[in-house]
1. Using the beta-carbon distance between Lys170 and Glu22 and R0 = 45 Å, what value does 1/(1 + (r/R0)^6) give for FRET efficiency, to the nearest 0.05?
2. Which pairs in the list Lys72/Lys178; Lys42/Lys179; Lys42/Lys91; Lys48/Lys178; Lys19/Lys211 are over 20 Å apart, alpha-carbon to alpha-carbon?
3. How far apart, in nm, are two points set 7 Å out from the Cα along the Cα-to-Cβ line at Leu99 and at Leu199?
4. What do you get when you divide the Cα radius of gyration of segment 13-87 by 2.2 N^0.38 Å, with N the number of residues?
5. Tell me, what is the percent relative contact order of the chain, built from C-alpha pairs under 8 Å that lie six or more residues apart?
6. Say each of Arg76 and Glu38 gets a label point 7 Å from the Cα, pointing the same way as Cα to Cβ; how far apart are those two points in nm?
7. Long-range amide H contacts for Ser31: which residues qualify at under 5 Å (H placed 1.01 Å from N, peptide plane, sequence gap of 5 or more or a different chain)?
8. Which net charge results when you count Lys and Arg as +1 and Asp and Glu as -1 among the other residues whose beta-carbon is under 12 Å from that of Ala93?
Amino acid sequence: MVNIILLGPPGAGKGTQAKRLEEARGMVQLSTGDMLKEAIAKGTELGKRVEGIMARGELVTDDIVIGLIEAKMKDRARGGFIFDGFPRTLKQADALGDLLARTGETLDAVIEMQVDDAALVARITGRFTCGNCGAVYHDLTRPTKVPGVCDVCGSTNLKRRADDTEETLKTRLMEYYKKTSPLIGYYHAKGQLSAVDGLADAGVVASAIAKVLDKA
Ligand code: AP5
């Protein structure tokens, strides 16, 4: 069992690779972004609190996301956890370290997915997902086989995100560079960081991640 973090800016391919790892290795994806979007879709109190913040592309408060992760980590994951979009600040990174220590678990790898900003605009504005199973698609690089129908579960509930605009991406990227990119140095200093080329074909990225995990 291995626990890993997928670290990278919006559109780096974290969700795409997390889904592959779930299928290939029986790991469990813990995406704070997905948890928050679910709260918004259900109209919960939490959803109402975070909706505007997320639409603007800003980060929600540390305490909210730490609470979400803590609750999910109570269920054991046979193949280990994939932390996707968490941690995003140094406070969240410390909190994750404490949560793992409390349950006697380890963080086995932090995978930095390296991409350049120019590629992210095309990825973000072309993305759509299945509202039923969460499969991730792209208009050009990964369209569905049958237009309008999810390849994985057959649902026709395909959606685009409210924050997937070129304008909001600028704020999301700024938040990443200001608050999340310091984690690269943090995990490098701990000897836990490995980098992969996130611009490569998704299958090539998956093989590079597999190599890191096989050594972990
Ligand atoms: P979140 O949902 O985590 O979004 P994000 O980090 O902006 O990341 P994305 O989901 O946009 O990108 P991804 O890296 O998963 O890329 P994907 O695989 O989809 O967060 C949303 C918001 O929630 C935040 O802005 C914040 O407000 C809040 N939030 C969440 N967590 C938080 C936290 N911890 N603290 C505070 N606030 C938090 O791929 C993108 C596209 O590219 C897809 O179309 C895909 O098909 C395509 N693609 C993927 N890989 C490749 C490839 N190798 N080649 C070509 N195309 C590819």
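1. Given R0 = 45 Å and the Cβ-Cβ separation, E is 0.90.
2. Cα-Cα > 20 Å for Lys72/Lys178; Lys42/Lys179; Lys42/Lys91; Lys48/Lys178; rest within.
3. 3.3 nm
4. The reported ratio for this selection is 1.14.
5. The normalised contact order for the chain reaches 30 percent.
6. That separation, rounded to one decimal, is 2.1 nm.
7. HN-HN under 5 Å from Ser31: Asp84.
8. +1
Every number here is computed from the coordinates shown, using simple stated rules; none is lab data. Keep in mind that what you see is a predicted model, and the values were worked out from it rather than measured. Ideal geometry is used to build each Cβ from the backbone, glycine not excepted, and the neighbour counts take in all protein chains shown.
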